[in-house]
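Take a look at the structure set out below.
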Amino acid sequence: MKKFTFFALAAALLCVGCDKKENGGKEPEDPTKLVYGGVTYNLVTLADGNTWMAENLRYVPEGKTVSSDYVADAGVWYPAGADKVADPSLVESKGLLYDCATAFGVDAITEENAFSFEGKQGICPDGWHIPTNAELTGLVGHNSNGALIDTNAPYYDAEAKGAPIDVLDEAGFNWTFVGIRNKATLTATGAYVCTVYEETVGAMSYVLGSTCYQVKKNSDDVITNYQYYSLMSTVNKTNNKVSVAYGNAMAGMSVRCVKNK
């Protein structure tokens, strides 16, 4: 009975194999809502001038199966709690976790295509895209690449070195602590990372961006990783912020889509 309930719940939360052109990308009369893949998402237009999803994507691309195994390179995974055990019941509140290839809608990230995804639709609905580095940095201001820091970003706080999470949330962004399915290199073993600080479960979480930061190679000129500019939360005794960091292509991260202008 428990097994049946577990899978029934998962099916209720997900639109597995939905075709995005047939099942969503439609905005109802309420401009703060978006229906996509049978799911209604909250939207918010922020002070950067962009309209963002105000919750994490939970769309399952055709041909993909959501995985509970963080070692498996499945492309899309269920989130977990502090126990690091995949939990489909968390999908509605936390969304799904995607690697870059799945989010960008390709079979694999390669040296030839790594820099070609900036501003692409990927698995976002029609009229939307995965945010670029300029949009990420233009929102929170601080970038791990110091040359790209934008002190004019509307939510930038110089002391915090990023956007304070409470300020973003007051504006309606609704930052969601999820943690990540981590895989730091192409050959590393995948694992769930759920940093817990006081009562914040998943204190370090990522929202994927579409701009490639670098293709990493070792001394033998062998590719070891691809990295993409992404939003990252930092929560500790001195800080509570979102900044732009480098997300690993094989990791599983949250996705927030941005409306095309």
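Any idea how many residues of segment 37-94 are among the charged types (D, E, K, R), in a loop (DSSP other than H, G, I, E, B), under 28 Å from Ala184 (Cβ atoms) and open to solvent by 30 Å² or more (accessible area, probe 1.4 Å)? Full working, then the answer.
Residues of segment 37-94 among the charged types (D, E, K, R): 48, 55, 58, 62, 64, 69, 73, 83-84, 87, 92, 94.
Filter once more, keeping what is in a loop (DSSP other than H, G, I, E, B): 48, 55, 58, 62, 64, 69, 73, 83-84, 87.
Now narrow it down to the ones that are under 28 Å from Ala184 (Cβ atoms): 55, 58, 64, 69, 73, 83-84, 87.
Within this subset, residues satisfying the condition of being open to solvent by 30 Å² or more (accessible area, probe 1.4 Å) are 64, 69, 73, 83-84, 87.
So the answer is 6.
Among the residues in segment 207-220, are any touching a residue at least 40 places away in the same chain (Cβ under 8 Å), part of a loop (DSSP other than H, G, I, E, B) and under 28 Å from Asn113 (Cβ atoms)? Even if it seems obvious, please write down each step before you answer.
Taking segment 207-220 first, the residues touching a residue at least 40 places away in the same chain (Cβ under 8 Å) are 207-213, 215.
When the remaining residues are screened for being part of a loop (DSSP other than H, G, I, E, B), the result is none.
No, because not a single residue in segment 207-220 is touching a residue at least 40 places away in the same chain (Cβ under 8 Å), part of a loop (DSSP other than H, G, I, E, B) and under 28 Å from Asn113 (Cβ atoms).
Filter segment 170-205 for residues that are open to solvent by 30 Å² or more (accessible area, probe 1.4 Å), outside any loop (DSSP other than H, G, I, E, B) and under 17 Å from Tyr78 (Cα atoms) and give the result.
Asn182, Ala191, Val193, Val201
Being more than 30 Å from Val35 (Cβ to Cβ), touching a Leu at 6+ places or on another chain (Cβ under 7 Å) and either open to solvent by less than 10 Å² (accessible area, probe 1.4 Å) or assigned to a strand (DSSP E or B) (or both) is the filter here; which residues of segment 224-261 pass it?
Result: Thr224, Asn225.
Of all residues in segment 95-119 being surrounded by fewer than 17 Cβ atoms within 10 Å (Cβ to Cβ), free of Cβ contacts under 8 Å to residues at least 60 places away in the same chain and of a type outside the set (A, V, I, L, M, F, W, C), which is farthest from Asn133 (Cα to Cα)?
If we take residues in segment 95-119 being surrounded by fewer than 17 Cβ atoms within 10 Å (Cβ to Cβ), free of Cβ contacts under 8 Å to residues at least 60 places away in the same chain and of a type outside the set (A, V, I, L, M, F, W, C), then Asp107 is farthest from Asn133 (Cα to Cα).
The values are calculated or read from the model by the stated rules, or taken from the named source; none is laboratory data. All figures in this text were calculated on a predicted structure; none of them were measured in a lab. Positions of Cβ are backbone-derived with ideal geometry, glycine not excepted, and every protein chain shown enters the neighbour counts. SASA here: full protein model, heavy atoms, side chains in, ligands and nucleic acids out. Shrake-Rupley method; radii C 1.70, N 1.55, O 1.52, S 1.80 Å.
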